[in-house]
1. Apply the Karplus parameterisation 6.51 cos²θ - 1.76 cosθ + 1.60, with θ equal to phi minus 60°, to every residue of the stretch 39-53 and state each ³J(HN,Hα) to the nearest whole Hz, in sequence, with x for glycine and proline.
2. Treating only the Cβ atoms of Lys and Arg (+1) and Asp and Glu (-1) as charged, compute the dipole magnitude of the chain about its Cα centre; round to the nearest 20 debye.
3. Please report the orientation-averaged projected area of the stretch 17-82, defined via the convex hull of its C-alpha atoms, in nm².
4. Going by amide H atoms built from the backbone, whose H comes under 5 Å of the H on residue 39, apart from near neighbours?
5. Find, among the chymotrypsin sites (Phe, Trp or Tyr not before Pro) in the chain, those assigned to loop by DSSP (not H, G, I, E, B) with at most 16 other beta-carbon atoms within 10 angstrom.
6. Could you do me a favour and compute the accessible area per residue for the chain, 1.4 Å probe, result in Å²?
7. Can you work out the Karplus-derived ³J(HN,Hα) for every residue in the stretch 67-81? Use 6.51 cos²θ - 1.76 cosθ + 1.60 with θ = phi - 60°, whole Hz, and x for glycine or proline.
8. List the residues, sorted by chain then number, that are 5 or more residues from residue 30 or on another chain and whose placed amide H is less than 5 Å from its amide H.
Amino acid sequence: CPSPSDLRSVNGTRVCAQLYTDDSPYYDLCCAGDVLVVLPDNDVPYMPHGWAGRASSLVVGTKCELTVWSRAGKKGNKKSFNA
């Protein structure tokens with residue numbers, strides 16, 4: 001997995017989080033598969049098409065917080081992650 005301070009897009013802009021579809025009990029094999037990039041100040045009440053229930057590992061950048069909910073539309077239980 002990338003380190004939280006290394007999260008950057010291909011053009012060098014800051015990325016607050018990356019979610020991945022594949023993980024593994026072995027750390028060096030985590031953070032694989034499809035990637036969903038979360039930019040600073042994104043507010044997304046619904047997961048993009050095809051992502052519901054697929055994220056299995058994530059990395060949150062420094063000075064960022066990722067909050068997720070158990071149900072669509074920011075409903076249900078919530079959990080916050082940071083670096």
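1. Karplus-based 3J(HN,Hα) across the stretch 39-53 equals 8, x, 6, 5, 10, 10, x, 9, 5, x, 3, x, 9, 4, x Hz.
2. Dipole magnitude for the chain comes out near 400 debye.
3. 4.6 nm²
4. Sorted by chain and number, the residues that satisfy this are 16.
5. Answer by residue number: 26, 46, 51.
6. Per residue, the chain has 70 Å² of solvent-accessible surface.
7. Coupling constants for the stretch 67-81: 10, 10, 10, 7, 10, 4, x, 6, 10, x, 6, 10, 9, 10, 10 Hz.
8. 24
The values are calculated or read from the model by the stated rules, or taken from the named source; none is laboratory data. Everything numeric in this text was worked out from a predicted model, so none of it was measured. Methodologically, a virtual Cβ is constructed for each residue, glycine included, from the backbone with ideal geometry; neighbour enumeration extends over all protein chains shown. Heads up: the accessible areas ignore ligands, DNA and RNA and are worked out on the full protein's heavy atoms, side chains in. Shrake-Rupley method; radii C 1.70, N 1.55, O 1.52, S 1.80 Å.
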